[in-house]
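Visitor: One structure coming up, written as structure tokens, with questions to follow.
The values are calculated or read from the model by the stated rules, or taken from the named source; none is laboratory data. Computed from a prediction, not measured in an experiment: that's the story for all the values here. Every residue, glycine as well, gets a Cβ built from its backbone with ideal geometry; the counts of neighbours run over all protein chains shown.
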Amino acid sequence: MSGTVSIVPSSVLSISNRGGSFVSGWRRNNNDGSTDADFLIAILQSTGGIDAIEHQDGLSHSESIVFGFDFGSAIFVLDTGAVNFNDLPSGIIFKTMNFSITFGASSGAASGSSIFSLSGQPIITNAWNSGGTVTYDLMEGASTLSPISLIGKQFGFSFNFGSLNAGGTLQNFAKLDAWSLTGTYDIIKSESTFNPIIQNRATPVYPGSKIIINSYATTAGITSGPGTALDGVSQIKLNYTHPIKGSQEIIIKAGNQPDPINPEIIQDPTLIINGVEYVWVDLIFIEEEFTLWFYLPDFPDGFVGPVIVSIIGNGRQFSGSVSLGTLNVLFANASGIYTLDETKINDTVYLRSGFTTDIKPILFSFVDEEEDNSNNFYSMLSYPRRILELGLENIDNDSDREDIMLISTQRVIISTVEVEIPSPFVQTGFLP
Amino acid sequence: MTIRDHQGIPIDKFNGLWNIGDPDSVPLDHFSECNNIDFVGQSSSFKTRAGISISQNVLIPLSNVKRIYNYPTQSANTLIVLTYDNDTGQGSIYHVVNPTTVYGPLLTIFGMTDFAFIPFAGRGYISPFGNYANGDLTFQKGLSNQFLYVYDGLGNSARKAAGAGMSGAMTVANGAAGHTDPGQKIFGFVSQTVSGYNSPPTILTSFTTSAGSSVSFGAIPTSGDPSVVKRLLVATKSIVGFNGDLEGYQFFFVPNAIINDNISTALNNISFYDSELLEDASHLLENYTSIPAGAAMWLYHGRLCIAATSTDISLILVSEPGEPEAINQITGLIVVQLDGNPITNGQELRDVMYVFKRSRTVAYQDNGDVPSSWLPNSIDSALGTSVHGIATVLDSGSATVDFLIVATYQGVSQFSGRYISLELSWKMSNFWQKLDRNRFGNIQIINAPIRKKLYIVLPNRQAIVGDYNNGMDWKSIRWGPLSFRTGVNTIAIYNIDQIILGADLL
């Protein structure tokens, strides 16, 4: 099933600028006190509407802004109507998505030119008193785009108005309006014969553990050979329920490649949509044709418990989300001080897990220390010698028991474990 | 080798990560992705990075390590470490002398998630700070109602630096036959701590001396501060027309009038002429008795500089040369341009003091006069750095070789008085600019010039190494991300080239 999709302009609640407020100098309806909210109203309105946002100082202006969406409202308009994020059809993926905005420049002078550019697009040069609409293909570099990637706190755009020649009795100005996001979508069902399996899924794991996924084909429930290839996995999702924070989703993106939507915009590391917190993590995961492995990331707040693992396809071998089942994540405190050791080919890390109880005998304070005039080892001790002499095996003696108290102290078991160095992953820039 | 009509392209050079622009633009001799590789010398060979091993050999090693600094003491190269207890919210500082010896906790403060540290004459100066929010922006400044602390390096608890003078009253009388210039004088005592700090003159007492008599002092109070080891007598010259203001006259240290302990209560038979009063002590009256904690500390011309206190994020407190605890509340202050952002760092380079905010760099030069008279010179109005964003070199703690390595929002840059273009991290600009700017306070850089590598701990709790065996410029440097089973939070270098990593709990 496929169709067209657009973003409801009114669902954009806010804009922000990573470098601070950008509003300086921008005016709406000739109002020098315009705010970021005024800027937002102006760029969302239709072309030719009143109260366009303008800059009138005749100087170059570059801005980089990020949009914030109202996740409680209907953000997407599909062929079937407007829906909010949670009501999107299962398996929906965007196949095309274009961002467009209208710009204009004007001057009281008769000569000069304006230059408007959107990041990633060719520079457009226009004569005075003209403008245009520029459209940006957000799919550049990606074959599919997930809804959350679009509306997460990472979507925005950068633009630059080049130097406008000053002159004339009227000030020169540049303006922006008629922002829109439109595209097409598909609804993809997961491959029913695709049967990837987590190796040793029943074994509890720790953050940092290596998780191996194999892809097998099955016939009548019996493994019959390699299954669907795994080298088209674009993301790995980890879903769990934190006892306090509620539903959480960690999305492991494939490596450190620039975001195809807006490489200049810094991605917000977390996003909460309708009570579910999404966390993006940049980690390498290794893809061979029928095997994939990754290293479990740290979970915020030291979460311990069941985690549902899913893999997301990029449309090459499969599309949509495939659940691989549940892993049981344990907590192991590996924090501490480490040193790089050139002689080691693996990592030695702390494993603080579990508790043990130590039994210690101590002397009651009312017991006098015995005077010992003999010139032996015990006479040189600074602490009551009877403890050393007695030892635990002698405490059964009634008379000794009267003077000794046993206390138990709990301590964390600290050991070390050898782990492999997370595998180097090499991909050359040349694709034969 | 040819396959059909295709000529094979040998790839015999590997020069690290390339992450800028489109993935299809990655040159043949670079990686579009890589992880945990290490480069071999000046060749293009690479291998898996070195493994890590535990650094401590004690029954209960430190955990949840938030910050590590190299701490050169008078006898050894050691580490000063901050740990954090997530349950109690308390940060504790330890002194790791060697793998089997740990002193501490030296200092435990609620909310101390980070600290600034400067070693000076074998002692360590500690300034606790934390993260604060201003809207969406996270920044660092000194903890509220906290102060600068000094640690003696011997395992004793750190104590508040500076200090107030003694309190109480003393008796003054003519002593045995001696000499003074007759006239009304004001006497007082300055207490001196083991770290050499002189308190403001207190126990000010007026007395009229006689020409043929010395002066004797009794019932001299002792200081309640156990770190006080000396008490020094101060006096004014003879006053004509005393107006009753005990602090309104210039005080001088009296020669040969020192009590070398904090126990004695008498000092007898002190003789001196007014002409012998040469060393001024009045400036001590204007010094901070409690120095507020800041987020940044550095040394400039032997002066300790503290910036970004809890109440003044654009203020630098500058001490007297050689006296890190002597900061004048009037002449020792520098206000950096007020732009709503706190000072994050400072460093001396070629006799100039460079002060950084997150997106600004300003220079000051010592003109021989008091710090408040030093004029600013704007270096860059767009680039700055974070609290740990200047690379420390070897284990000296100093950040300079002939230039600084500075982590800016733009990338990792060389700074020689201006930011050198292109930045060293140009080849991985996308990688760098994807880092969370609100967590740039977590970036910490070390420069290991013997290995010819830069090690950088990143906000995402991973690290990256920049190998400059082939040259320290944007083209020759080779970058390679590093990841570990546990997230790393801090890095230090000690014993010349031993790399120490600290891992915390998320």
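Visitor: For the range A:100-113, check the following and say yes or no: at least one residue is in a strand (DSSP E or B), surrounded by 17 or more Cβ atoms within 10 Å (Cβ to Cβ) and modelled with pLDDT of 75 or more.
Guide: Yes, there is a match, as at least one residue in the range A:100-113 is in a strand (DSSP E or B), surrounded by 17 or more Cβ atoms within 10 Å (Cβ to Cβ) and modelled with pLDDT of 75 or more.
Visitor: Read through the list (1) at the interface with chain A (Cβ under 7 Å from one of its Cβ atoms); (2) at pLDDT 85 or above; (3) assigned to a strand (DSSP E or B); (4) crowded, with 19+ Cβ neighbours inside 10 Å, then give the number of the only condition that B:ASN19 fails.
Guide: (3)
Visitor: Select from the range A:64-91 the residues that are at pLDDT below 75 and not small (Gly, Ala, Ser) and list them in ascending order.
Guide: Selection gives A:ILE65, A:VAL66, A:PHE67, A:PHE71, A:ASN86.
Visitor: With B:ASP380, B:ASP369, B:ASP402 as the choices, which residue is modelled with pLDDT under 90 and either in contact with an Asp or Glu (Cβ under 8 Å, 6 or more places away or on another chain) or of a type outside the set (Phe, Trp, Tyr) (or both)?
Guide: When all the criteria are applied, what remains is B:ASP402.
Visitor: For the range A:322-338, which positions are in a strand (DSSP E or B) and either surrounded by fewer than 16 Cβ atoms within 10 Å (Cβ to Cβ) or more than 7 Å from chain B (Cβ to nearest Cβ) (or both)?
Guide: Correct list: A:VAL322, A:SER323, A:LEU324, A:GLY325, A:THR326, A:LEU327, A:ASN328, A:VAL329.
Visitor: B:GLY122 passes all but one of (1) closer than 20 Å to B:SER195 by Cα; (2) in contact with a strand residue (DSSP E or B) (Cβ under 8 Å, 6 or more places away or on another chain); (3) in contact (Cβ under 8 Å) with a residue 24 or more places away in the chain; which number fails?
Guide: Unmet for B:GLY122, out of (1) closer than 20 Å to B:SER195 by Cα; (2) in contact with a strand residue (DSSP E or B) (Cβ under 8 Å, 6 or more places away or on another chain); (3) in contact (Cβ under 8 Å) with a residue 24 or more places away in the chain: (2).
Visitor: Restricting attention to the range B:371-386, report how many residues are more than 14 Å from chain A (Cβ to nearest Cβ), surrounded by 17 or more Cβ atoms within 10 Å (Cβ to Cβ) and part of a loop (DSSP other than H, G, I, E, B).
Guide: Residues flagged as more than 14 Å from chain A (Cβ to nearest Cβ), surrounded by 17 or more Cβ atoms within 10 Å (Cβ to Cβ) and part of a loop (DSSP other than H, G, I, E, B) within the range B:371-386 amount to 3.
Visitor: Please find, within the range B:453-506, the residue that is surrounded by the most Cβ atoms within 10 Å (Cβ to Cβ) out of those that are of a type in the set (Lys, Arg) and more than 8 Å from every other protein chain (Cβ to nearest Cβ).
Guide: B:ARG478
Visitor: In the range B:450-467, which residues are among the basic types (Lys, Arg) and either farther than 17 Å from B:VAL40 by Cβ or outside any strand (DSSP E or B) (or both)?
Guide: Passing the criteria: B:ARG451, B:LYS452, B:ARG461.
Every residue, every condition in (1) surrounded by fewer than 19 Cβ atoms within 10 Å (Cβ to Cβ); (2) hydrophobic (A, V, I, L, M, F, W, C); (3) more than 7 Å from chain A (Cβ to nearest Cβ), yes or no:
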site	(1), (2), (3)
B:ASP24	yes, no, yes
B:ASN35	no, no, no
B:PHE46	no, yes, yes
B:ARG67	no, no, yes
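Visitor: Of the residues that make up the range B:234-245, is at least one more than 24 Å from B:LYS160 (Cα to Cα), at pLDDT 95 or above, under 33 Å from the mean Cα position of the chain (by Cα) and buried (at least 16 other Cβ atoms within 10 Å of the Cβ)?
Guide: Looking for residues that are more than 24 Å from B:LYS160 (Cα to Cα), at pLDDT 95 or above, under 33 Å from the mean Cα position of the chain (by Cα) and buried (at least 16 other Cβ atoms within 10 Å of the Cβ), one finds at least one in the range B:234-245, hence yes.
Visitor: Would you point out which residue out of B:ASP29, B:ASP38 is farther than 22 Å from A:VAL417 by Cα, acidic (Asp, Glu) and not in a strand (DSSP E or B)?
Guide: Only one candidate passes the filter, namely B:ASP29.
One line per residue, one yes/no per condition, for (1) farther than 29 Å from B:LEU317 by Cα; (2) touching a residue at least 24 places away in the same chain (Cβ under 8 Å); (3) in a strand (DSSP E or B):
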{"site": "B:PRO226", "(1), (2), (3)": "no, yes, no"}
{"site": "B:VAL229", "(1), (2), (3)": "no, yes, yes"}
{"site": "B:LEU232", "(1), (2), (3)": "no, yes, yes"}
{"site": "B:GLU247", "(1), (2), (3)": "no, yes, no"}
{"site": "B:PHE253", "(1), (2), (3)": "no, yes, yes"}
{"site": "B:ILE258", "(1), (2), (3)": "yes, yes, yes"}
{"site": "B:SER264", "(1), (2), (3)": "yes, yes, no"}
{"site": "B:ALA295", "(1), (2), (3)": "no, yes, yes"}
{"site": "B:LEU304", "(1), (2), (3)": "no, yes, yes"}
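Visitor: Select from the range B:410-452 the residues that are closer than 22 Å to B:GLN42 by Cα, in contact with a strand residue (DSSP E or B) (Cβ under 7 Å, 6 or more places away or on another chain) and within 14 Å of chain A (Cβ to nearest Cβ) and list them in ascending order.
Guide: Scanning the range B:410-452 gives B:SER425, B:LYS427, B:MET428, B:ILE446, B:ALA448.
Visitor: How many residues are crowded, with 20+ Cβ neighbours inside 10 Å, out of contact with any Leu (no Cβ under 8 Å at 6 or more places or on another chain) and within 23 Å of B:PHE110 (Cα to Cα) if we restrict to the range B:48-65?
Guide: Final tally of qualifying residues: 2.
Visitor: A follow-up question, please. Suppose we filter the range B:348-370 for residues that are part of a strand (DSSP E or B) and either hydroxyl-bearing (Ser, Thr, Tyr) or surrounded by 15 or more Cβ atoms within 10 Å (Cβ to Cβ) (or both); how many remain?
Guide: Selection size over the range B:348-370: 13.
Visitor: Let me ask something else about it. Across the range B:306-330, what is the total count of residues that are in a loop (DSSP other than H, G, I, E, B) and over 22 Å from B:GLN140 (Cβ atoms)?
Guide: Result for the range B:306-330: 4.
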